[in-house]
Amino acid sequence: MIVKQILKKIVEIIEKTNSSEEKINSLEENLSLIQTNVQQALTEALNSLSYHSGDSTTINFTGGGFISSSSKSVYFTIPLDKDATGCTITVVSGTILVRSVEGQYIVNKESVLNASIQIENQGIYANLILSYDSSLNTDTNTPVGIDLQNCVLEFS
């Protein structure tokens, strides 16, 4: 689509100019402008595919995880909508509900900030470990359901 527009513009320029020298000068000026515009468009497109320092996003996630570390930590993985390679991810806010497969509430709609949070950035997903001071009233290695709501992530 862009190539068609470029070629169309070149033909218009050539048709509007009178002498061969005018045609060449006009064509060179416009080709330079077109090149700059194409480079800018490509840069913007590539930047939109990944997170950068200063970006933030809000995540709502429902999925699975497990309890480990002497029943004090919840481990789970969240997908990211863009690549975060090279960024440090920080959780700013959000609530979490953790439920056992038997239906027992292990963490009942608490702020994620009530736990110590570790995040391992894997590019298009992030591994999270929420560690609590006391046992979560379930056995270690227990599979759990995770409901993460309005979790704001910041990238640096």
**OP:** Might you let me know whether region 38-52 holds any residue that is over 30 Å from ILE6 (Cβ atoms) and either in contact with a strand residue (DSSP E or B) (Cβ under 6 Å, 6 or more places away or on another chain) or free of Cβ contacts under 8 Å to residues at least 12 places away in the same chain (or both)?
**Re:** yes
**OP:** State yes or no: is SER93 among the polar types (S, T, N, Q) and touching a residue at least 60 places away in the same chain (Cβ under 8 Å)?
**Re:** no
**OP:** Would you mind finding the one in LEU113, LEU130, LEU136 that is in a strand (DSSP E or B) and at negative phi?
**Re:** LEU130
Subject >> From the options ILE78, ILE67, ILE96, ILE146, residue that is within 30 Å of ALA45 (Cα to Cα) and of a type in the set (A, V, I, L, M) >> reply: ILE78
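Restricting to region 69-96, count the residues that are in a strand (DSSP E or B) and buried (at least 17 other Cβ atoms within 10 Å of the Cβ).
10
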Original post:
Mind checking which residues of region 101-155 are farther than 17 Å from ASN60 by Cβ, under 15 Å from the mean Cα position of the chain (by Cα) and either surrounded by fewer than 12 Cβ atoms within 10 Å (Cβ to Cβ) or among the charged types (D, E, K, R) (or both)?
Top reply: GLU120
Original post:
Is at least one residue of region 121-137 among the charged types (D, E, K, R) and in contact with a strand residue (DSSP E or B) (Cβ under 8 Å, 6 or more places away or on another chain)?
Top reply: no
Subject >> Checking THR43 against (1) within 19 Å of the chain's Cα centre (by Cα); (2) among the β-branched types (Val, Ile, Thr); (3) surrounded by 13 or more Cβ atoms within 10 Å (Cβ to Cβ), the condition it does not meet >> reply: (3)
Subject >> Residue in region 70-91 that is under 24 Å from ILE124 (Cβ atoms) and touching a helix residue (DSSP H, G or I) at 6+ places or on another chain (Cβ under 6 Å) present >> reply: yes
Original post:
Do we find that GLY63 is under 20 Å from GLU154 (Cα atoms) and either in contact (Cβ under 8 Å) with a residue 24 or more places away in the chain or in a strand (DSSP E or B) (or both) in this structure?
Top reply: no
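Only the coordinates and a few stated rules stand behind these numbers; no lab work does. Just so it is clear, the model here is predicted, and its values are computed rather than measured. Positions of Cβ are generated from backbone atoms using ideal geometry, with glycine treated the same way; all protein chains shown enter the neighbour counts.
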